[in-house]
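First comes the structure, then the notes that go with it.
Where a number appears in this text, it was derived from the coordinates with a stated rule and is not lab data. If you're wondering where the values come from, they're calculated on a predicted model, not measured in any experiment. Neighbour counts run over all protein chains shown; Cβ positions are idealised from the backbone, glycine included.
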Ligand code: PHE
């Protein structure tokens, strides 16, 4: 067999062997077999030396090419084995993959949105930092009005701006943006400059709704609120409306629901009254409609505001708002 034929044969065998190799250690052995110090090819230059000059050149370059090809085979196969040689141990317990989920507050807000969407409302959003006009003036609470004391405000930038004290601040901006008729709700964080205890936090969540049309009235408000509570608590709780004062509604109402803990028999949570206060509401004041540039002789409607945390605490029997707002995983993972 000529040297050229021998080189060809070596290539054919190498190709076959490198293709069928299954592990990295076998691959290293193959490399030694073909290109190691004691291999046939390592000894090959001494055979070339004995050739005529023409032959020397030809066989020499075939030899170099073959070495390069084998090195390439080795490199490609090594890459492939490193990528695919993952060992599976089916006895070994797997690593737990932790998947995050929505916080109870977000879950509840989405549930509330779903119910109001079914009742024909559109979900809107608005800024958390607003100006004094949006939070107070447009809502019939002028600078020196004693009602401003109802909301302990966190001011920003020398009183130019403030952290919204209630989601009702969306009323005039949303009326200006979308016009009337409208049925919209918003939910989100509000802020108060307030000491923290079991039932108060300096930030908490509210939901506000507004419905304005030519004939939107208190009867509609009653229907919407009753349907909402029925779907939220999945039971038929009595809903009670009492007169209440908020500068931006006239008449103004406080809304109570039958205590879900004692079923109106009277307990510590409802202070033996059988009812729990959950919302403020009323017919939108002409002043607010005027602030939004709406013809208040033609259009009218109702507005309401709920404490979202309050609803969650009632639904799940949570007695401390601080746990609800903490990042305590033992609490969060229960929902
Ligand atoms: N914004 C009021 C509050 O923070 C609640 C409310 C909303 C009352 C809408 C009437 C109408 O207490």
> What number of residues in the stretch 169-214 are under 21 Å from residue 286 (Cα atoms), within 12 Å of the ligand (Cβ to nearest atom) and not in a strand (DSSP E or B)?
Replying inline: 3
>> Within the stretch 128-137, does at least one residue satisfy the condition of being closer than 25 Å to residue 107 by Cα, within 16 Å of the ligand (Cβ to nearest atom) and not in a helix (DSSP H, G or I)?
In response: yes
>> So, in the stretch 232-259, how many residues would count as being surrounded by 17 or more Cβ atoms within 10 Å (Cβ to Cβ) and in a loop (DSSP other than H, G, I, E, B)?
In response: 5
> Hey, among 290, 272, 297, which residue is more than 10 Å from the ligand (Cβ to nearest atom), farther than 30 Å from residue 182 by Cα and without any contact (Cβ under 8 Å) to a residue 60 or more places away in the chain?
Replying inline: 272
